[in-house]
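J.: Have a look at this one before I ask anything.
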Amino acid sequence: MASARDDRGTEPSGPHGFTNDFDDFSESWFRIPRGPMPPQMAYEIVHEEAMLDGNARLNLATFVGTWMDEHANRLYAETFDKNMIDKDEYPKTAEIETRCWRILADLWHAPDPESTIGTSTIGSSEAAMLAGLALMRRWRARRREAGLPTDRPNLVMSAAVQVCWEKFCNYWDIEARLVPVSLAHPTFDGHDLASYVDENTIGVVAIMGVTYTGAYEPVADIARALDRIQEDTGLDVPVHVDGASGAMVAPFIQPEIAWDFQVDRVVSINTSGHKYGLVYPGLGWVVWRTRDHLPDDMIFSVSYLGGDMPTLALNFSRPGAQVLLQYYLFLRLGFEGYRAVHQHTQDVALFTSGEIARMGPFELVSDGGDIPVFAWRLKDGHTDNWTLYNLSDKLRARGWQVPAYPLPEDMQDVTVQRIVVRRGRRVAARDFLKDFRACVEYLDGLSGPIPVEREGSGFHH
Ligand SMILES: *Cc1c(COP(=O)(O)O)cnc(C)c1O
């Protein structure tokens, strides 16, 4: 049985490279081939399969960086072997990591960026786990000191949170208290917060850049609601800001919004370097207001230049190159560069959402004025013949990935479609709008309804 596979690998990939014989390989996808194969053949297999993935330029669904410049690519190729945990072998990478999160602490108005603490992570999800754990441990320590039970912690946040927070609550046995969004309160704004918060609340998560719509939750309003709760009940509940997208956007193009450590209740902030930090996938950051907001028992020591260096991370080994790429971009772009890139991206988002709004069938749920992400719904009564899922399919046939999905709990009857603009280019927006109009015209020209073939969407934010 294995014999067919046995001689494979000694064959070059067909005469003159015009044919190849790995077509029947699929039978053994799940078993390691018995013998080796020539590198160019293995390369071709992986290369061709990877080519079948979506085209990044046409992917309007992802938040994650898919392009860096030539110098970044060169740096990446020079540094892909660096391991973030080996502080002793790569002390410069470790030092640059520290510079990066201090730069973020400063951008986010930490009272003393020199003395606080932060770290890089593999993404915002890992950062959220660490920040959430810090909230839980500090709550637990306070409760233990007061001789109170610690068995029923809860975390309060919008029903529109990113899935990483539901994971955090699930993995660490914390009750997720989700505040529903509604037509009256489409974003979590602190309304009715007192009925969710109690003595077992470890913290409240506020999101700068909700994945569904791109909207900023009003961190200062949420903090004020918690101030009132403290006046009434004595409960002092901290806020963590999930700034996966927005914490890399707002400091540059919306400096007037107080959402960061300027708000006293904010104890920690996370962001994704690989979203609007503009780095390739595999990088997140978390920073605490002060060193005291991270419990000591979460910190481990690794050896570093003959001494010790504090680390906190779920992973041990992890690529260090992305950290260097983040630093490269901080230097390359500077504040002004990031501002210009993000402002341009936002202009393209506003232009595109404006064009979609003007077409007639659609109503914007958000316009891209917070993070450059916007969503729309079909106007009530526009048509019974098609839905945004059909439009999504039509666009997909032209290569564009623009997911449609239901809004969260309590608004799940509303279907929206969303575009994430990344390093926006007006030409790309025009190309897209041309195809978009053609798809809508086709659908509006139908004489009867498209049969329903699926309910909801498997799309994950
Ligand atoms: C993307 C996102 C996350 C998860 O970030 P990763 O870097 O993909 O792990 C968490 N929260 C929000 C608001 C996000 O947009």
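The values are calculated or read from the model by the stated rules, or taken from the named source; none is laboratory data. Remember, predicted model here, so these are calculated numbers, not experimental data. Heads up, the Cβs are rebuilt from the backbone with ideal geometry, glycines too, and the neighbour counts pull from every protein chain shown.
J.: Since Trp67 meets every condition but one in (1) of a type outside the set (Ser, Thr, Tyr); (2) in contact (Cβ under 8 Å) with a residue 24 or more places away in the chain; (3) in a helix (DSSP H, G or I), which condition does it not meet?
T.: For Trp67, the failing item is (3).
J.: So which residues in segment 243-282 are within 11 Å of the ligand (Cβ to nearest atom), within 19 Å of Val373 (Cβ to Cβ) and small (Gly, Ala, Ser), if there are any at all?
T.: Once the filter is applied, which keeps residues that are within 11 Å of the ligand (Cβ to nearest atom), within 19 Å of Val373 (Cβ to Cβ) and small (Gly, Ala, Ser), segment 243-282 yields Gly243, Ala244, Ser245, Gly246, Ala247, Ser272, Gly273, Gly277.
J.: Name the residues in segment 151-175 that are out of contact with any Leu (no Cβ under 9 Å at 6 or more places or on another chain), surrounded by 14 or more Cβ atoms within 10 Å (Cβ to Cβ) and not in a helix (DSSP H, G or I), would you?
T.: Start the filter on segment 151-175 by keeping residues that are out of contact with any Leu (no Cβ under 9 Å at 6 or more places or on another chain), which leaves 151-152, 154, 162-164, 167, 170-171, 173.
Now narrow it down to the ones that are surrounded by 14 or more Cβ atoms within 10 Å (Cβ to Cβ): 154, 162, 164, 167.
Residues satisfying the conditions are Asn154, Gln162.
J.: Before we move on, is Ala131 of a type outside the set (Val, Ile, Thr), within 16 Å of the ligand (Cβ to nearest atom) and either within 17 Å of Trp285 (Cβ to Cβ) or in a helix (DSSP H, G or I) (or both)?
T.: Criteria met by Ala131.
J.: Now for a separate question. Looking at (1) touching a residue at least 24 places away in the same chain (Cβ under 8 Å); (2) part of a strand (DSSP E or B), which one does Val263 not meet, given that it meets all the others?
T.: Unmet for Val263, out of (1) touching a residue at least 24 places away in the same chain (Cβ under 8 Å); (2) part of a strand (DSSP E or B): (2).
J.: Can you say whether Arg418 is on the phi < 0 side of the Ramachandran plot and crowded, with 17+ Cβ neighbours inside 10 Å, as far as the supplied structure shows?
T.: On the way: on the phi < 0 side of the Ramachandran plot: yes; crowded, with 17+ Cβ neighbours inside 10 Å: yes.
When the stated conditions are applied, Arg418 passes them.
J.: Select from segment 103-128 the residues that are in a helix (DSSP H, G or I) and within 16 Å of the ligand (Cβ to nearest atom) and write down the one among them that is nearest to the chain's Cα centre (by Cα).
T.: Step by step, filter segment 103-128, then rank; the result is Ser124.
J.: Cβ contacts < 7 Å: first residue farther than 18 Å from His382 by Cα, restricted to segment 344-363; second residue acidic (Asp, Glu), any location; separation 6+ or different chain. Result?
T.: Leu350/Asp367; Ser353/Asp367
J.: What about Met136, is it away from the ligand (no atom under 16 Å from the Cβ), buried (at least 19 other Cβ atoms within 10 Å of the Cβ) and either small (Gly, Ala, Ser) or more than 20 Å from the chain's Cα centre (by Cα) (or both)? Explain how you work it out, then say what you get.
T.: Working: away from the ligand (no atom under 16 Å from the Cβ): yes; buried (at least 19 other Cβ atoms within 10 Å of the Cβ): yes; either small (Gly, Ala, Ser) or more than 20 Å from the chain's Cα centre (by Cα) (or both): yes.
In short, yes.
J.: Within segment 218-233, is there a residue that is assigned to a loop (DSSP other than H, G, I, E, B), under 20 Å from Pro111 (Cβ atoms) and of a type in the set (Gly, Ala, Ser)?
T.: No: zero hits.
J.: Only residues that are without any contact (Cβ under 8 Å) to a residue 60 or more places away in the chain and part of a helix (DSSP H, G or I): list them for segment 76-102, please.
T.: Ala77, Glu78, Lys92, Glu95, Thr98, Arg102
J.: Further question on the same structure: Could you tell me whether segment 198-214 includes any residue that is assigned to a helix (DSSP H, G or I) and modelled with pLDDT of 95 or more?
T.: Taking every residue of segment 198-214 in turn, none turns out to be assigned to a helix (DSSP H, G or I) and modelled with pLDDT of 95 or more.
J.: In segment 284-313, what residues are over 17 Å from Lys87 (Cβ atoms) and not in a strand (DSSP E or B)?
T.: If the condition is that a residue be over 17 Å from Lys87 (Cβ atoms) and not in a strand (DSSP E or B), then Arg289, Thr290, Arg291, Asp292, His293, Leu294, Pro295, Asp296, Asp297, Met298 are the ones that fit.
J.: Taking the condition at pLDDT 95 or above, within 15 Å of the ligand (Cβ to nearest atom) and surrounded by fewer than 24 Cβ atoms within 10 Å (Cβ to Cβ), does Leu178 pass?
T.: The answer is yes for Leu178.
J.: Right, another one. So Met84 passes all but one of these: (1) surrounded by 15 or more Cβ atoms within 10 Å (Cβ to Cβ); (2) at pLDDT 95 or above. Which condition number does it fail?
T.: That leaves (2) as the condition not met.
J.: May I pose another question? Determine which member of the set Asp296, Asp264, Asp260 is under 19 Å from Leu130 (Cβ atoms), modelled with pLDDT of 95 or more and not β-branched (Val, Ile, Thr).
T.: Selected residue: Asp260, the only one of Asp296, Asp264, Asp260 that is under 19 Å from Leu130 (Cβ atoms), modelled with pLDDT of 95 or more and not β-branched (Val, Ile, Thr).
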